[in-house]
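The values are calculated or read from the model by the stated rules, or taken from the named source; none is laboratory data. Please read these numbers as outputs of a predicted model, since none were measured by experiment. All Cβ positions, glycine included, derive from the backbone under ideal geometry; neighbour counts span all protein chains shown.
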Amino acid sequence: MPELLEVTGLGKSFGGNRAVDGIAFSLAKGELLALIGPNGAGKSTTFNMVNGQLRADTGSIRLDGVELIGRKPRDIWHRGVGRTFQIAETFASLTVVENVQMALLSADAKLYAFWRRAADHRRDDALLLLDQVGMKAQADRPCSVLAYGDVKRVELAIAMANAPKLLLMDEPTAGMAPKERNELMALTRRLVLDRGMAVLFTEHSMDVVFAYADRLIVLARGRLIAEGKPAEIRDHPKVQEVYFGSGKTFEKLKAEVAT
């Protein structure tokens, strides 16, 4: 399967702290890749470099053969990289459908003007995106009245507005109940298969990681210490050592995954 995203020699320092230290990984179309590790491992820094919010000191990030390092987040968005955040970001004062229409305005490189309502722009396309995430019936409700799980679905529709090749999901199930977590990740899996895109996600809920990731990469102190399929990572001695040191034993993890 051809690689969509290729990361090589990626590094970033803050003062004397080497937050990310020469990591390399790849991601293919149709694949969900989980990026895990204890706090301070370099996960968020890696995400922010792929997204263009931080510029790497060393290395390369190539999407479909195009170098992303040095490009602004808006340019990277237009090249097909979508993103969701740990804390869902929507316009609470706008309706559900207007939130998606605002994203479509951005995807179409049109400037929003206060005298031209977002509701005038590609409503049918916005409704189609909402239908794909199960939120069409609530299209005309303000985001401010939605349950948190529904807000996360709206955020996912917003992230899909630029028809991404690659979707970055930062702690997608944070703050959600177990049933909501599984529903959101099952929905993400369907979108990956339907659209042929790829997903790179970080997640602290190991039940989600081991249930939905095709592969995992594990960081510790800025370095990649393991990469492989869920069963390989679960039994990897270095990964067990890292999580044992952070207070999470893999015996407990195995029991969580089994249930």
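In table form, for the structure just shown:
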| quantity | calculated |
| --- | --- |
| Gln53 vs. criteria at pLDDT below 95 and over 24 Å from Gly134 (Cα atoms) | yes |
| Flag for Ala137 being more than 26 Å from Leu63 (Cβ to Cβ) and either touching a helix residue (DSSP H, G or I) at 6+ places or on another chain (Cβ under 7 Å) or touching a residue at least 12 places away in the same chain (Cβ under 8 Å) (or both) | no |
| Region 164-194: number of residues that are within 20 Å of Glu6 (Cα to Cα) and of a type outside the set (Asp, Glu) | 7 |
| Cβ-Cβ under 7 Å pairs, at least 6 apart or on other chains, region 70-99 side within 24 Å of Ala56 (Cα to Cα) and without any contact (Cβ under 8 Å) to a residue 60 or more places away in the chain, far side polar (S, T, N, Q) and surrounded by 15 or more Cβ atoms within 10 Å (Cβ to Cβ) | Pro73/Asn51; Ile76/Asn51 |
| Residues of region 123-149 that turn out to be at pLDDT below 90 and crowded, with 19+ Cβ neighbours inside 10 Å, as a count | 0 |
| Some residue of region 53-65 being outside any loop (DSSP other than H, G, I, E, B), farther than 23 Å from Arg223 by Cα, among the aliphatic types (A, V, I, L, M) and assigned by TED's automatic domain parsing to the domain that holds Val192 | no |
| Tally, over region 54-69, of residues that are buried (at least 17 other Cβ atoms within 10 Å of the Cβ), in contact (Cβ under 8 Å) with a residue 24 or more places away in the chain and at negative phi | 4 |
| Identity of the residue in region 1-53, among the basic types (Lys, Arg) and crowded, with 19+ Cβ neighbours inside 10 Å, that ends up nearest to Leu167 (Cα to Cα) | Lys43 |
| Complete set of residues in region 78-92 that are modelled with pLDDT of 90 or more and of a type outside the set (Lys, Arg) | Gly80, Val81, Gly82 |
| Single residue of region 121-130 satisfying the filter (in contact with a helix residue (DSSP H, G or I) (Cβ under 9 Å, 6 or more places away or on another chain) and part of a helix (DSSP H, G or I)) that is nearest to Gly175 (Cα to Cα) | Leu130 |
| Candidate set: region 170-212, residues that are in a strand (DSSP E or B) and of a type in the set (Val, Ile, Thr); chosen: the one surrounded by the fewest Cβ atoms within 10 Å (Cβ to Cβ) | Thr202 |
| Matching residues in region 56-77 - criterion: being farther than 14 Å from Val7 by Cβ and of a type in the set (Lys, Arg) | Arg71, Lys72, Arg74 |
| Looking only at region 78-89, and only at residues there that are touching an Asp or Glu at 6+ places or on another chain (Cβ under 6 Å) and assigned to a loop (DSSP other than H, G, I, E, B), the one that is nearest to Arg141 (Cα to Cα) | Ala88 |
| Search result, residues across region 221-235 that are under 18 Å from Gly42 (Cβ atoms) and not aliphatic (A, V, I, L, M) | Arg221, Gly222, Arg223, Glu227 |
